[in-house]
Amino acid sequence: MDTELLRQYLEFYRDLGIKTVYRPAKSAQRGAPRAETAAAPARELPLAAATGELPPAAATGESLLQILSDIGDCRRCPLHEQRSKIVFGVGNERSPLVFVGEGPGADEDAQGIPFVGRAGQLLTQMIEGTAKREGIPLLRADIYICNVVKCRPPGNRTPEPDEMEICGQFLFRQLMSIRPKAICALGGTAARALTGHKEGVTKMRGKWFTWRDIPVMVTYHPSYLLRPYNQATAKREAWEDLKKVLHFVYD
Ligand code: SF4
């Protein structure tokens, strides 16, 4: 990659709120021999929301950098097979609000950043537009965004329960590290992973649940809002949900 292209990438990442760029260790690069952690047994952690158990790696004071380092060139679940980049998370590591989506799509897989495609652009508009209208000075870069699974499911399929269970350990460690005041679950997959409830998103949206002791607001995934049919109502509802969570966190 030439210097100019690298500079453009770095400026783009900075605009998204990324303050630190990590270079993987040689042993963690593609094609290199697998490290001990990469070959660790897959079922390390049951979904806490479903079992009520704390994940074993929920040490307080663990940094996002430590979690990212632990992920390494992760091959703990089948989703590693077709991914281009692990999509860890982006934004303010001390944000009082964390948005959690389902998993990376094609754009995110290519860039290694969550919510950068069309759905991501809509999410940015929703966050910043709603905040502005409600008189809350907030940009997307002020909050933290991540997904339940860090690698793109082939064809954008829903992650399998075992994939969510395995990768969920990293999500839970991210949340324990950040300790936000509230979490906003985007879509049914994130809502189910965090709350353990099995209902569809239309039944759960607009309501408060909890992950551990942290309030969780459920709303639609922005990719659902991009579908052409019957979206006026869903968009209005999503804006109402966002208003609730923004006022809860920032008032
Ligand atoms: S989805 Fe998560 S657990 Fe599976 S390979 Fe990717 S980082 Fe590892």
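We did not get these values from a lab; they are worked out from the coordinates using the rules stated. The model shown is predicted, which means the values in this text are computed figures rather than measured ones. Note: ideal-geometry Cβ built from the backbone for every residue, glycine included; neighbour counts use all protein chains shown.
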Self-check item: Flag for L246 being in contact (Cβ under 8 Å) with a residue 24 or more places away in the chain and in contact with a Ser or Thr (Cβ under 9 Å, 6 or more places away or on another chain)
Solution: yes
Exercise. Find all pairs meeting these conditions: Cβ atoms under 9 angstrom apart; at least six residues apart or on different chains; first residue within the stretch 189-213 and closer than 16 Å to D162 by Cα; second residue in a helix (DSSP H, G or I) and among the polar types (S, T, N, Q).
Key: G196/T51
Quiz item: Quick one: in the stretch 71-102, which of the residues that are among the charged types (D, E, K, R) and within 17 Å of the chain's Cα centre (by Cα) is surrounded by the fewest Cβ atoms within 10 Å (Cβ to Cβ)?
Solution: R94
Exercise. Give the residues of the stretch 151-187 that are more than 10 Å from the ligand (Cβ to nearest atom), in a helix (DSSP H, G or I), over 18 Å from L65 (Cβ atoms) and touching a residue at least 12 places away in the same chain (Cβ under 8 Å), sorted by residue number.
Key: P154, N156
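Quick check on my filter: what residues within the stretch 73-92 are of a type outside the set (D, E) and either within 9 Å of the ligand (Cβ to nearest atom) or part of a helix (DSSP H, G or I) (or both)?
First, the residues of the stretch 73-92 that are of a type outside the set (D, E): 74-80, 82-92.
Within the stretch 73-92, C74, R75, R76, C77, P78, L79, H80, R83, I86, V87, F88 qualify.
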Quiz prompt | Number of the exception - L123 against (1) out of contact with any helix residue (DSSP H, G or I) (no Cβ under 9 Å at 6 or more places or on another chain); (2) closer than 18 Å to V249 by Cβ; (3) buried (at least 19 other Cβ atoms within 10 Å of the Cβ) | solution = (1)
Exercise. Could you please let me know if V116 is assigned to a loop (DSSP other than H, G, I, E, B), away from the ligand (no atom under 16 Å from the Cβ) and either farther than 21 Å from Y224 by Cβ or touching a strand residue (DSSP E or B) at 6+ places or on another chain (Cβ under 9 Å) (or both)?
Key: yes
Quiz item: Is there a residue being away from the ligand (no atom under 16 Å from the Cβ), free of Cβ contacts under 8 Å to residues at least 60 places away in the same chain, surrounded by fewer than 22 Cβ atoms within 10 Å (Cβ to Cβ) and part of a helix (DSSP H, G or I) anywhere in the stretch 132-146?
Solution: yes
Self-check item: Among (1) in a loop (DSSP other than H, G, I, E, B); (2) of a type outside the set (K, R); (3) within 16 Å of the ligand (Cβ to nearest atom) - the single one G206 does not satisfy
Solution: (3)
Self-check item: Residues satisfying the stated conditions in the stretch 209-228, i.e. aliphatic (A, V, I, L, M), in a strand (DSSP E or B) and out of contact with any His (no Cβ under 9 Å at 6 or more places or on another chain)
Solution: I214, V216, M217
Quiz item: For the stretch 229-251, what are the residues that are within 16 Å of T202 (Cα to Cα) and either of a type in the set (A, V, I, L, M) or touching a His at 6+ places or on another chain (Cβ under 8 Å) (or both)?
Solution: A232, A234, A238, L242
Quiz item: Somewhere in the stretch 93-100, is a residue in contact (Cβ under 8 Å) with a residue 60 or more places away in the chain, of a type in the set (F, W, Y) and within 16 Å of the ligand (Cβ to nearest atom)?
Solution: no
